[in-house]
1. What number comes out for accessible area per residue over region 5-59 if the probe is 1.4 Å? Units Å², please.
2. For Arg17 paired with Ser33, estimate the spin-label separation in nm (one decimal), with each label point 7 Å from Cα along the Cα-to-Cβ line.
3. Net charge around Gly60, counting only other residues with Cβ within less than 14 Å of its Cβ (Lys, Arg = +1; Asp, Glu = -1)?
4. Find how much the distance from Asp46 to Lys10 grows on full extension, using 0.36 nm per residue of separation minus their present alpha carbon separation; answer in nm with one decimal.
5. Out of residues 5 or more away from Asp44 or on other chains, whose amide H comes under 5 Å of its own, with H placed 1.01 Å from N in the peptide plane?
6. Spelling out what I want: for every residue of region 36-50, take phi, set θ = phi - 60°, compute 6.51 cos²θ - 1.76 cosθ + 1.60 (Karplus), and round to whole Hz; glycine and proline get x.
Amino acid sequence: MAPRNKHLGKQLRTALRDSRWSADVIAFRTGLSRAVMARVLVGDTDISLRILEKVADELGLSVDFKPWGAVGQPPAPGRIVETVVDRARARLMT
């Protein structure tokens, strides 16, 4: 089982609950399977950013990425923390 980002999953479930759509309708409109949609809503971290953005767009949300020290911990004030995405991006650029 993939690690989960509880915060992201909770925000997406809240937005889905507040919208007039069901998870199945959002999955259909974005071209995702029900299984992938379920993984998005629980916050699985191995979901691609493209899929997260598709779901967020359908829910009328925007996805912003901010550097955090770790999942569940707020960023240190006045300090930029290197994230896993930053390290992966650096490897791709070389």
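1. Solvent-accessible surface per residue comes out at 63 Å².
2. According to this spin-label approximation, the distance is 2.8 nm.
3. Local net charge: 0.
4. Going from the current span to full extension adds 11.3 nm.
5. When sequence neighbours closer than 5 places are left aside, the close amide H contacts are Asn5.
6. Listing the rounded values in order: 5, 4, 5, 5, 5, 6, 8, x, 4, 8, 8, 7, 6, 5, 4 Hz.
The values are calculated or read from the model by the stated rules, or taken from the named source; none is laboratory data. Small disclaimer: the values here were computed from a predicted structure and weren't measured. Ideal geometry is used to build each Cβ from the backbone, glycine not excepted, and the neighbour counts take in all protein chains shown. Side chains are part of the model used for accessible areas, which takes the heavy atoms of the whole protein and leaves out ligands, DNA and RNA. Shrake-Rupley method; radii C 1.70, N 1.55, O 1.52, S 1.80 Å.
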